[in-house]
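Written below as structure tokens is the structure these notes are about.
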Amino acid sequence: MVLFLLIATPAWSQPQPHKTPSAADLDLKPEIIESSPVLQRWMRKVPNVLEEIDRDPSFRTRLRLGYSLFPSTNNASGWSFGVEDLFISESGFTISGDYHAAFDRQREAYGVDLRYYVRPLGNYINFAPIIGYRQIETGDYSTDGVNVGARLLLVLSRGGAADIALSQSWVSPGTDDEVGLTTLSFGYAVTHNLRLSTDLQRQNSRQEKDSRLGIVLEWML
């Protein structure tokens, strides 16, 4: 009797395998698919969107050129240029370098830093230890050596549209020539590739406390 019931059970009562819909099931014209790289990609393999958002950087590499004012040095004016967050492959490592100086050469500083962003690059809040080299020249003192510190990045809008960064580092830490650098930066995009940024920097040494204000144009790569 049991055998008879099993044989007589209709096929529709058996559990059916679940089929995940794919882009290939879409009723689209071939020319639409051929003109859409996104559709072609999804037809090959459905991507993990959340994972890609985490990996896709929420900020971009910038080339910088701007005007600097040195309020603590008789309001001397000058200029600056540099590159910010040049990515090393798809890792969390970036390279940054900058140069700024007064036109009368009373103030000059330059350096290169390596940063490692601890959180996935797509996050809105990130933190990066800093290690690099920096040279500082003023009318009262000069120093150069290793530069170590950290950077906190708050992304207000993805893709470089707006962010705030706070950095704290020390040049030649533990020596008589140690200089502390505190930098607060605000960036806001005015076009797809062009940003306007403001730098506020405090430079503390045993001999003097100096300041710098920068207005910078940034070209995003």
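What residue, of Thr198, Thr182, Thr175, is of a type in the set (S, T, N, Q), over 15 Å from Ser58 (Cβ atoms) and in a loop (DSSP other than H, G, I, E, B)?
One residue alone meets the criteria, Thr175.
Looking only at residues in the range 178-208 that are open to solvent by 80 Å² or more (accessible area, probe 1.4 Å) and in contact with a strand residue (DSSP E or B) (Cβ under 7 Å, 6 or more places away or on another chain), which one is nearest to Tyr67 (Cα to Cα)?
So in the range 178-208, the residues open to solvent by 80 Å² or more (accessible area, probe 1.4 Å) come out as 186, 188, 190, 192, 196, 202, 206-207.
With the extra rule that they be in contact with a strand residue (DSSP E or B) (Cβ under 7 Å, 6 or more places away or on another chain), the set shrinks to 186, 188, 190, 196, 202.
Numbers: Phe186: 15, Tyr188: 17, Val190: 18, Leu196: 12, Arg202: 16 Å.
Selected residue: Leu196.
Can you confirm whether the range 152-170 contains a residue that is over 23 Å from the mean Cα position of the chain (by Cα), at pLDDT 95 or above and among the aromatic types (Phe, Trp, Tyr)? Before you say what the answer is, go through the steps one by one.
Taking the range 152-170 as the starting set, the residues that turn out to be over 23 Å from the mean Cα position of the chain (by Cα) are none.
No, that holds for no residue.
I need the full set of residues from the range 156-175 which are open to solvent by 60 Å² or more (accessible area, probe 1.4 Å) and either touching a residue at least 40 places away in the same chain (Cβ under 8 Å) or out of contact with any strand residue (DSSP E or B) (no Cβ under 9 Å at 6 or more places or on another chain) (or both), in order please.
Arg158, Gly174
The values are calculated or read from the model by the stated rules, or taken from the named source; none is laboratory data. Remember, predicted model here, so these are calculated numbers, not experimental data. A quick note on method: Cβ atoms are made from the backbone with ideal geometry, for glycine too, and the neighbour counts reach across all protein chains shown. Note: areas computed on protein heavy atoms with side chains; ligands, DNA, RNA excluded. Shrake-Rupley method; radii C 1.70, N 1.55, O 1.52, S 1.80 Å.
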